[in-house]
Amino acid sequence: MTLGEVAAQTGGWVAPEVAAQEISGLASLDDANPGDLAFFGNPKYLKAARKSRATAILVPQGFGEELPAIRIWVDDPGAAFAKLLPAFVPPVITFPAGVHPSAVIHPEATLGEGVHVGACAVIEAGARIGARSIVCAHAYIGHGACIGEDCRISPNVTIRERCTLANRVTLHSGVVIGADGFGYEFRDGAHQKIPQTGIVVIEDDVEIGANTTVDRARFGRTWIRKGTKIDNLVQIGHNVTIGENCVLCAQVGISGSTRLGNFVTLAGKVGLSGHIEIGDEVVFGAMSAIAKNVPAKSIMFGAPARPIREYKATYALLKNIHKLYDRVKKLEAQAKNQE
C-alpha cells in the first residue's frame, strides 16, 4: 500500500513527494523495520518514535517534531492504525454451520440455526445453543445449560449444568463456568462440603480470558453483568456479582458474595475478600488487597488498599523512615550523654 493510499483511507495527509512510497506491514514503534508503518499516539513514546526504523509513522494533527520516518498526519493515530489492520493481517477464521461427526450431542439438546459444533465437543441433555453460536473442539456444555446467540465457546471450555450465557459472549480456552464454589464447614473433626446448588448467569457482550474460573453460587446465582471484560487467570468465587462494563485484569481473585458496581477496574493481582461491596467507577491499582466496602469513584492502592492520595503520602514518609530512625537514635544518644 502506498503512503498516499494510507492517507486516503485514514483521512490523513502526507507530503505529495513521498506519497508513492510503499509500506508492506504494520508494527509497533519498537519492532518496526523498513517497509513498516507504525503509529505515535502518546507523548511518552516520543523517544521510541525518534529511534524507530519504520518507513512511516502516523502522528496526530499538529505534531511538529522531526522524525527519521515519514510522517502521516491523522486525527487519531491509534484509530487510524486499527482501520488499516484488516489489510495486513490474515482473514478472520470462520466456522461453517454444522456438527462435526465426532461431536456428541444428546437428543434432548437444542441447536439454533447456523450453530457450529467442533470435533469431540459434548453437549448434554437439555442444553440449548442459540443461533450462529460457535462451540469449538473439545468444549463441554452441561445438562440444561443455555447459551444465547452469536456466542463463541473456544476449545476446551467447560460450561457446567444449568448455567446461562446471554448473547455475544466470548469464552477463551480453558474457561470453567459453574464449578462448585469453595464452601466447607468444619464438623466432627473434618471439613464437610456445603452443597453448591446455584448457577452462573453471564449477560450480553461479556468476554472472559483463558483459564479463568467462575464458580456457581451456593444458592441463587453468581452474576456477571453486560459488557464486562475479564482477563486470563481470574478467579471469581460463588455468589459474586460483577456490575456492567467492569474490567478485571490477570490474576484477580474475588472471594464469595462480594458485589462490584458498574465500571469498576481491578488491575493485575488485585484481591478482594468476601461479603464486601465496591461502588461504581472504583479503580484498584495492581496487587491491591481489599477487605472492606469502598465507596463509588474511589481510586485505591496498596495492601490493605487506601485512597491513592493517602497511599502516596504514606509511601513518601516510609521512604525516609530510615533517616528518621537515625535521627531518633542520635537524639537518644545525646540525651543519654547529658544525663
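For the pair K323 and T2, a Förster radius of 45 Å applied to the C-beta separation gives a FRET efficiency near 0.15, rounded to the nearest 0.05.
Does region 3-87 come out rounded, prolate or oblate by the C-alpha gyration tensor, with a ≥ b ≥ c the root eigenvalues, rounded set by a/c under 1.5 and, if not, prolate when a/b is larger than b/c and oblate if not? The shape class here is rounded. Once the Cβ-Cβ distance between E108 and F219 is put in as r, and R0 is 30 Å, what FRET efficiency do you end up with, to the nearest 0.05? Working from the Cβ atoms, E equals 0.70. Report summary: the helix-based calculation at 222 nm, which adds -39500 (n - 2.57) for every DSSP H run with n ≥ 4 and divides by the residues of the chain, gives -4500 deg cm²/dmol. Annotation: amide H-H contacts under 5 Å for I70 (H modelled 1.01 Å from N, sequence separation of 5 or more, or interchain): A56, I57.
Shape analysis of the chain places it in the oblate category; the axes a ≥ b ≥ c from the Cα gyration tensor give an a/c of at least 1.5, with a/b not above b/c.
Looking at the chain, the DSSP beta bridges with both ends there are about 10 percent antiparallel. Per-residue packing, averaged as other Cβ atoms within 10 Å, sorts the ranges 323-335, 99-111, 63-75 into the order 63-75, 99-111, 323-335, beginning with the highest.
Packing here is the average count of other Cβ atoms within 10 Å per residue, and on that basis the peptides 158-164, 89-95, 189-195, 30-36, highest first, run 158-164, 30-36, 189-195, 89-95. Here's the picture: charge each Lys and Arg Cβ at +1 and each Asp and Glu Cβ at -1 in the chain, and of G35, A48, A79 the one pushed furthest to the positive end of that dipole is A48. Taking every alpha-carbon pair under 8 Å whose residues sit at least 6 apart, region 3-87 reaches a relative contact order of 28 percent.
Taking 15 Å as the straight-line reach from the Cα of K330, the aspartates and glutamates in range (excluding those fewer than 8 positions away in the same chain) are E339. Amide H contacts of V157 (H built 1.01 Å from N, in plane; Pro and chain starts excluded): A139, Y140, G174 sit under 5 Å, all sequence-distant by 5 or more or on other chains. Taking the Cα of K83, stepping 7 Å toward and past its beta carbon, and measuring to each backbone N in region 37-55: which are under 18 Å? Counting only backbone N, you get 37-42. Classify region 100-144 as rounded, prolate or oblate from the Cα gyration tensor: take a ≥ b ≥ c as the square roots of its eigenvalues, call it rounded if a/c is under 1.5, otherwise prolate when a/b beats b/c and oblate if not. Note, shape of region 100-144 comes out oblate.
The HN-Hα couplings worked out from phi for region 208-222 by the Karplus form 6.51 cos²θ - 1.76 cosθ + 1.60 (θ = phi - 60°) are 10, x, 4, 6, 8, 10, 10, 7, 5, 6, 4, 8, x, 9, 8 Hz, whole numbers, x standing for Gly and Pro.
Ignoring lysines fewer than eight residues from K193 along the same chain, the ones with Cα atoms less than 29 angstrom from its Cα are K269, K292.
You can think of it this way: the chain between A303 and Q334 has 7.4 nm of extra reach, that is 0.36 nm per residue less the Cα-Cα gap. Of all DSSP beta bridges in region 3-87, what percent run antiparallel (nearest 5)? DSSP beta bridges in region 3-87 are roughly 10 percent antiparallel. Ordered by residue, what ³J(HN,Hα) values in Hz, to whole numbers, does region 97-106 give under the Karplus form 6.51 cos²θ - 1.76 cosθ + 1.60, where θ = phi - 60° and Gly and Pro are x? Values per residue, Gly and Pro as x: 4, x, 10, 5, x, 8, 5, 10, 10, 5 Hz. For region 19-172, the antiparallel share of DSSP beta bridges with both residues in that region comes to about 0%. Under 18 Å from the 7 Å Cα→Cβ point of K269, by amide nitrogen: which residues of region 289-308? So the set is 289-291, 300-306.
Considering only A333, I141, A121, the residue lying farthest towards the positive end of the dipole of the chain is A333, judged by Cα position with unit charges set on Cβ. Under a 5 Å amide H cut-off, with hydrogens placed 1.01 Å from N, G25 pairs with L37 among residues at least 5 apart or on other chains.
Quick note: the coordinates plus some simple rules give every number you see, no bench work behind them. What you see is a predicted model, and the numbers here were worked out from it, not measured in a lab. Note: ideal-geometry Cβ built from the backbone for every residue, glycine included; neighbour counts use all protein chains shown.
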